[in-house]
Amino acid sequence: MGRLVLLALFALAVGCQDFGQPSDDDILNFTGTIIEETVDFYVIHSDTPLQNSSTFYPLNLPNSFKRDGLRIRFSGRVEISPNAQYLHLPLKISAIEALPR
C-alpha cells in the first residue's frame, strides 16, 4: 500500500512539471552585444526587445565574456521580483556563446 501511495505522488509530481517548455520569462537563443556601462558593470543589449526593454543585466555573466562590444548568442530566464522596477531586466544566463566578428 505504501509503495502505491509513493508511486501516485511521484506520478502527480512528474505530471505537474514542465519539461523544457519555455515560459514567458524564458529567453531562448537571443543575440546581442555586451556593453560595459561603467567600470565592471556589464549589460547585454539585445537585438530583440522583451517586455519593452532591449537591455538585460546578466546576474551570472562569466568573466571571459566581460568584454565591451562582444557579440553573443544567449539563453536564460528573466528574474523579476514582484512590484520591483528595473532599469535593465535581470537575466540568469543558462547558455552563452561568443559570435564570430
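Values in this text are rule-based calculations from the coordinates and carry no lab data. Just so it is clear, the structure is predicted and the values come from calculations on it, not from any experiment. FYI the Cβ positions are ideal-geometry reconstructions off the backbone, even for glycines, and counts take in every protein chain you see.
Results, tabulated for the structure shown:
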read-out	value
Chymotrypsin sites (Phe, Trp or Tyr not before Pro) restricted to segment 36-80 and DSSP loop, no more than 11 other C-beta within 10 Å	none
Note, ³J(HN,Hα) from phi for segment 91-101, Karplus 6.51, -1.76, 1.60, rounded to Hz, x at Gly and Pro	10, 8, 6, 10, 8, 8, 8, 6, 9, x, 6
Sequence of 53, 46, 64 once ranked by neighbouring C-beta atoms within 10 Å, starting from the fewest	64, 53, 46
Segment 21-98, relative contact order in percent, only Cα pairs under 8 angstrom and at least six apart counted	33
